[in-house]
Amino acid sequence: MRFWLVAGCLLVPAACLRETLPPPDGGFADEDGGRGDGPLPDIDARIDAPLAGHDEDGDGIDDALDNCPQSHNPQQRNIGETSAGRTADGVGDACDPDPDAEGNEILFFDGMNAGLVAGRWTSASATQSGDSIRLENNGFLVTNATFPSHALVNVAARLGSTQTMTNAVTVASNWTSMSSFVGCRREVPTMRLLYGTNPSAGAPPFTSSQEIWLEVMTDALHVDCGTSIDGGTWVPLQVPAGNLAPGNAMVMPSGTAAFVDFMVVISRP
């Protein structure tokens, strides 16, 4: 669970201007506050008993009921849509990729605390390690569920080693095969957005002890990709793509093992 975030809020209030990954324009959301407003999230954790009774983000709300299970938001604020004169959806302001637009939904969340729950994952070289899943070099986790082409995939992971500059974690959305996917590859010295194999550069280096967050947000015409380290500076990228097909979500380390802390998928109608 991410208790460093709570401490950071107390010591450095500016560090909590964004409790989760920013929207694709690199903007920042306000600190969580006020009251929750709107329906509870519709996430798989509600009907997958092994995933209940856990609080990934340490905000006092069970993952199965949290409207941002990966982001510390104890007040469960969800008023972005109502403030814009729209109907509140089931995604809280702290993690909503479209905070003033209605209709987003948490389709999938796994805090990795219950191991590989049967029926949720296809995996290779994956084992439970405390509150995480350890993936060996070139191991992978692929969701069994298929998601729409308009979706956000958000993953937190830590590398087992940073001895070589090519060590990396790749997060993919619209995954169909090793040669056909849209993904964000976070390498030790930089980052590349992959549509097949096309790169785009630009993020600071990190070490094996740091948690890295990666986001791939897709719609029918483009892909937004970005990353942050331990909740710090967000580095956004945007690369045109086009005609994205629905598919699975995937995470895969390269050059070293990695520990995956959570994955969340949010639909964007």
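Assorted remarks:
- Of the strands (runs of 3 or more DSSP E) lying entirely inside the range 150-269, those containing at least 3 residues that are surrounded by fewer than 20 Cβ atoms within 10 Å (Cβ to Cβ) and either at pLDDT below 80 or of a type in the set (Lys, Arg) (or both) span 235-240.
- Criterion violated by SER123 - all others in (1) part of a loop (DSSP other than H, G, I, E, B); (2) within 19 Å of the chain's Cα centre (by Cα); (3) at pLDDT 90 or above satisfied: (1)
- Failed criterion for PRO99 (all others in (1) of a type outside the set (Lys, Arg); (2) surrounded by fewer than 18 Cβ atoms within 10 Å (Cβ to Cβ); (3) at pLDDT below 95 hold): (2)
The values are calculated or read from the model by the stated rules, or taken from the named source; none is laboratory data. Fair warning: this is a prediction, and the values are worked out from it, not measured in the lab. Neighbour counts run over all protein chains shown; Cβ positions are idealised from the backbone, glycine included.
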